[in-house]
Every structure is written in C-alpha cells, then in structure tokens.
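A short reminder: the numbers here are calculations on the coordinates, not readings from a lab. Note that this is a predicted model, so its numbers are computed, not measured.
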Amino acid sequence: MSIQDQPLSGRPRTNSTGPNKKRVDEIVKEDRRVTLDAVATKLGIRHNAVQEMTGSLGYREICAHWVPRLLTEDHKVQRKSLHFRNASEISRQS
C-alpha cells in the first residue's frame, strides 16, 4: 500500500503558472477595482483560474465596478419627501 498520489490522466493545469500569477498580481495592483472577468479576458484564461490565483495571492475578493445610479426627477422628489418624513418622525420620538 502506497501513500503516493497516482498519476492523473488528462490535461495538466497550465493556467496557474508563475507568469500568469505574476500578471494577475500586476493587473490587480494597477486597478484594485478590476473584476475577475476582466482579468480573465485580458489574460485569456478561465474565470475560475483567476479566482484561484487571487486567493493564493492573498486577495480576498476583487471588487466589482460600481456604477452610479441615475435618478429621475420623480425619484429625487420621492427620496426627498421620504427623508423629511423620516427626519420629522425621528425628531418627534426624541
């Protein structure tokens, strides 16, 4: 009985090579808000491979791009009235 791993058939993992890992690290350091998909597309590798590499590099997550929400005039009026109603309710309770 052996405790050695048996050789596996199939294609070996090639995405998590040193150069790819170094490039992922460089891309993340250039733009901390870059997405996993953007890195994967830039390097031409799978999303999962980038996710594994960022984890092994010590990154907990790569933040997505946040796009400001565009409010219509109706939304602005509604938010303003809710704000004043909540503020008056709070001052009444105090």
Next item on the list: Identify all aspartates and glutamates with a Cα-Cα distance to LYS29 below 18 Å; exclude those on the same chain that are fewer than 8 residues away in sequence.
Entry: ASP37, GLU52, GLU61
Check: Expressed in nm to one decimal, what extension gain is obtained for the pair THR41 and LYS80 from 0.36 nm per residue of sequence separation less their Cα-Cα distance?
Finding: 9.9 nm
Notebook entry, point to check: How much of the calculated P(r) for segment 18-93 lies past 17 Å, in percent of all Cα pairs?
Noted result: 57
